[in-house]
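The values are calculated or read from the model by the stated rules, or taken from the named source; none is laboratory data. This is a predicted model, so every value here is computed, not measured. Neighbour counts are summed over all protein chains in view; Cβ atoms, including those assigned to glycine, are modelled from backbone coordinates with ideal geometry. Calculation scope for accessible area: heavy atoms of the full protein, side chains included, ligands and nucleic acids excluded. Shrake-Rupley method; radii C 1.70, N 1.55, O 1.52, S 1.80 Å.
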There are 2 protein chains.
Amino acid sequence: MGHLAVIGFGPGSVEWCTPEVVEILGSATDWVGYDTYLDMAQTLVAPAPGAVLHRTDNRQEGERARAALDLAAGGRSVAVVSSGDPGVFAMAAAVLEEIEREPDPARWGEVEITVHPGISAAQAAAARAGAPLGHDFCVLSLSDNLKPWDLVERRLDAVAAADLVIALYNPRSRHRPDQIGKAVAIIGRHRGGATPVVLGRDVGRPDEQVRITTLAQLAEPDGWAEVDMRTVIIVGSSQTRTIDGPGGRTLAYTSRHHPGSAPG
Amino acid sequence: MGHLAVIGFGPGSVEWCTPEVVEILGSATDWVGYDTYLDMAQTLVAPAPGAVLHRTDNRQEGERARAALDLAAGGRSVAVVSSGDPGVFAMAAAVLEEIEREPDPARWGEVEITVHPGISAAQAAAARAGAPLGHDFCVLSLSDNLKPWDLVERRLDAVAAADLVIALYNPRSRHRPDQIGKAVAIIGRHRGGATPVVLGRDVGRPDEQVRITTLAQLAEPDGWAEVDMRTVIIVGSSQTRTIDGPGGRTLAYTSRHHPGSAPG
């Protein structure tokens, strides 16, 4: 019986990859994933002798999932490779979507499927900045590839009004250069300009950049020029503050205490 | 110069503890943390020879943070120990709160402070159940120890209306036996009774329990009898579905696709 393990190797550094994922990657007969992620995973774990690496384009998530399931149905031990946590905007949902969609229940009926968590990009950025996710928070994707933009706007408005810390994935791409500006404007209806904002790019990788700024600075005409698909943005709540930490280092954190009703 | 490392060892199994945290725990001169968490951490990593374990009560978070900072200011290499991710409802914010509160900037001015992420309880429960956090989600604490209950209710109403997946921490304690019922009723204003719900208790520990149920079942008079402080509840969105996975196993996942405007 084949096995399909959906794994997340974390942000990209070996110190943040779980032993479970190291073990699975090191023993799988097949790795399936986006080209860039397979390259990253190889810097963390050497594939087993004879293991086959199946490299795909970033957009073919459904086809990638089906190919992986077919391999496992043939008796292989397959690792579907994501960065971060495979359960957060990544391949675990894509695999289960294909199982639901498949009309023949026998096709993959003998495959053992497991999901293996990893440190997400938002957790990594938060740790470097201090503790901005220290109280109630949400994690939203700004991409409207698979959902209507008006839903994105409605969710942003709701979570900003409810005073949650907001972690934004996929904030900006070449095809969506301006939606980040709209998102910042919606949040700005409910939060002051001094609200701390953490920008984390490639955290845990050689080119890591973490910057603590403010909502007002992010809203300026060139405020999000540096933001791209590899950036996670964390917008604070009314209880997120920056402090001068030891050595003059600025740290951002969200207090566990809330004084009363939040600004609406 | 002393060092204070705020670490999270993950849900409790060695396969989910990052190598970074293993290294820090194995070399620290002092471990500071809630009694139960120090016991768990010792099943994962042996303290260095001569290391001192400072055991505290669960509620003394501020005192614990100050004691750890004082130790580090004295030149020690201190690990502040949380389970899960220390940046999510845990000690990282407590440490930074104390630094902000301290009137003497010189007291801990030379201490190097670092935060080290871990796999959170919500991620662990999600991985076991399938991929319920596969799209936009939020993470809320139901505890009203540090925030007013009306804010909890307002946040629940907002995120339920915005059709986010909702992960609930601290859902029920001896002192708050009934708030989970109120929370379920608020979510039920916006979600159907068939909405999948994941209950994860002690995931990654020897007594792990993961159950997939529905919002209607959770709302029944004894629907949350098994829920306690060690349970994480994940309530699906309108796009969360259960499927019959291979071997007849039920899996829950949230589709990455959203058909249009969400139910309000």
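Centre-to-centre, using Cα atoms only, region A:32-102 and region A:202-264 are separated by 32 Å. Measuring max minus min along each principal axis, the C-alpha atoms of region A:133-264 give extents of 41, 40, 25 Å (largest first).
Amide H contacts under 5 Å for A:V88: none, restricted to partners 5 or more places along the chain or on a different chain, H placed in the peptide plane at 1.01 Å from N. Taking amide hydrogens as modeled 1.01 Å from N in the peptide plane, which residues meet the under 5 Å criterion relative to A:V6, leaving out close sequence neighbours? For A:V6, the qualifying residues are A:V80, A:T114, A:V115, A:H116. Shown here are the Rg and Dmax of the Cα trace of region B:86-192, at 17.2, 55 Å.
Over all Cα atoms in region A:1-156, the spread is summed up by Rg and Dmax: 16.4, 50 Å. Could you tell me which of rounded, prolate or oblate describes region A:164-218, using a ≥ b ≥ c as the square roots of the eigenvalues of the alpha-carbon gyration tensor, with rounded for a/c under 1.5 and, failing that, prolate when a/b is larger than b/c and oblate otherwise? Because a/c hits 1.5 or more and a/b fails to exceed b/c, region A:164-218 counts as oblate. Near the amide H of B:T195, within less than 5 Å, lie the amide hydrogens of B:L215, B:A216, all on another chain or at least 5 residues away, with H placed in the peptide plane. In vacuo Debye scattering of chain B, one point per C-alpha: log10 I(q)/I(0) at q = 0.15 Å⁻¹? Results for chain B at q = 0.15 Å⁻¹ read -1.06.
Approximating the spin labels as points 7 Å out from Cα along Cα→Cβ, the A:S173-to-B:N145 distance works out to 4.2 nm. A straight Cα-to-Cα reach below 17 Å connects A:K147 with the lysines A:K182, residues fewer than 8 places away in its own chain not being considered. Model label points for B:Q209 and B:E102, set 7 angstrom from Cα along the Cα-to-Cβ axis, are 4.2 nm apart. Taking the chain by itself as reference, region A:212-254 contains these residues with an accessible-area loss of 20 Å² or more in the full protein complex (1.4 Å probe, heavy atoms): A:R241, A:I243, A:P246, A:R249, A:L251, A:Y253.
If you take all C-alpha pairs in the protein assembly as shown, what percent of them are over 44 Å apart? Within the protein assembly as shown, distances greater than 44 Å cover 10 percent of Cα pairs. For chain B, the solvent-accessible area works out to 37 Å² per residue, with a probe of 1.4 Å and every protein chain left in place. May I ask you to derive the FRET efficiency for A:E110 and A:R55 from their Cβ-Cβ distance with R0 = 25 Å, giving the value to the nearest 0.05? Computed FRET efficiency for A:E110 and A:R55 comes out at 0.40.
The A-B contact accounts for approximately 6300 Å² of buried accessible area, totalled over both chains at a 1.4 Å probe radius.
Size descriptors for region A:43-121 (Cα atoms only): Rg and Dmax, in that order, 12.9, 38 Å.
Considering all C-alpha pairs of region A:104-164, those separated by over 20 Å amount to 56%.
Residues in region A:217-234 carry Karplus couplings, in order, of 5, 5, 7, 5, x, 9, x, 10, 4, 7, 7, 9, 5, 8, 9, 10, 10, 10 Hz; the curve used is 6.51 cos²θ - 1.76 cosθ + 1.60 with θ = phi - 60°, and Gly or Pro positions show x. Taking the DSSP bridge list for region A:117-264 and keeping only pairs wholly inside it, about 75 percent are antiparallel.
How large a share of the accessible area of the protein assembly as shown, in percent, is made up of carbon and sulfur atoms when the probe is 1.4 Å and the other protein chains stay in place? In the protein assembly as shown, the share of accessible area belonging to carbon and sulfur is 50 percent. With the alpha-carbon atoms of region B:1-53 aligned to their principal axes, the span from lowest to highest coordinate is 31, 21, 18 Å, starting with the largest. Of the residues making up region B:6-43, those losing 30 Å² or more of accessible area when the isolated chain is joined by the remaining protein chains, with a 1.4 Å probe, are B:E15, B:W16, B:T18, B:P19, B:E20.
Computed from backbone phi, the HN-Hα couplings of region A:141-158 come to 9, 7, 5, 10, 5, 10, 9, x, 4, 5, 5, 4, 5, 5, 5, 4, 4, 5 Hz, rounded to whole numbers (Karplus: 6.51 cos²θ - 1.76 cosθ + 1.60, θ = phi - 60°; Gly and Pro given as x).
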